[in-house]
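Where a number appears in this text, it was derived from the coordinates with a stated rule and is not lab data. Since the model is a prediction, treat every value here as computed from it, not as a measurement. Note: ideal-geometry Cβ built from the backbone for every residue, glycine included; neighbour counts use all protein chains shown.
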Amino acid sequence: MQLTGNVVVKGQAPGGGEPLMLSTDNMRVNTPTQYIETTAPVKLNWAGHELTARGMQADLKAGTLRLESDVHGKFSQK
C-alpha cells in the first residue's frame with residue numbers, strides 16, 4: 001500500500017519502550033511482511049531525541065530501522 005500526505009507512524013522504541021514517532025510525506029507499506037520504506041525525507045522523534053534523514057527502511061517484525069542518507073540528529077540530555 002502507498003501512503004501519501006502527512007504520514008505519521010507511532011509506536012514504541014525497541015528495547016526501552018519509549019514512545020516513538022516517525023513522520024514523512026510518503027511511505028510504502030507491505031502489511032503481510034510488516035516492512036515499511038520511503039525515499040522521502042523522514043523525521044524520527046523519541047525520548048527527546050530527533051533524527052532526520054532522506055530515505056528509511058524498517059522491518060517491524062524484526063524491530064529494525066535503517067536511515068538511508070543525509071542523517072542528522074539531536075540528542076537531549078535527560
Just to be sure I understand the model, the point goes 7 Å from the Cα along the line to the Cβ. What's the resulting Met1 to Thr31 distance in nm? 0.5 nm
Correct choice for volume of the Cα convex hull per residue in Å³ that was computed from the model, options [x] 81; [y] 250; [z] 175: [x]
Sequence order, region 35-44: Karplus ³J(HN,Hα) from phi using 6.51 cos²θ - 1.76 cosθ + 1.60, θ = phi - 60°, Hz rounded, Gly and Pro as x, gives 10, 10, 7, 7, 9, 7, x, 10, 10, 10
Which residues among region 17-50 fall inside the zone where the amide N is under 12 Å from a point 7 Å beyond the Cα of Phe75, along Cα→Cβ? 49-50
Say we join alpha carbon atoms closer than 10 Å with springs in a Gaussian network model of the chain; which of Ala62, Ala53, Ala13 then has the biggest fluctuation? Ala62
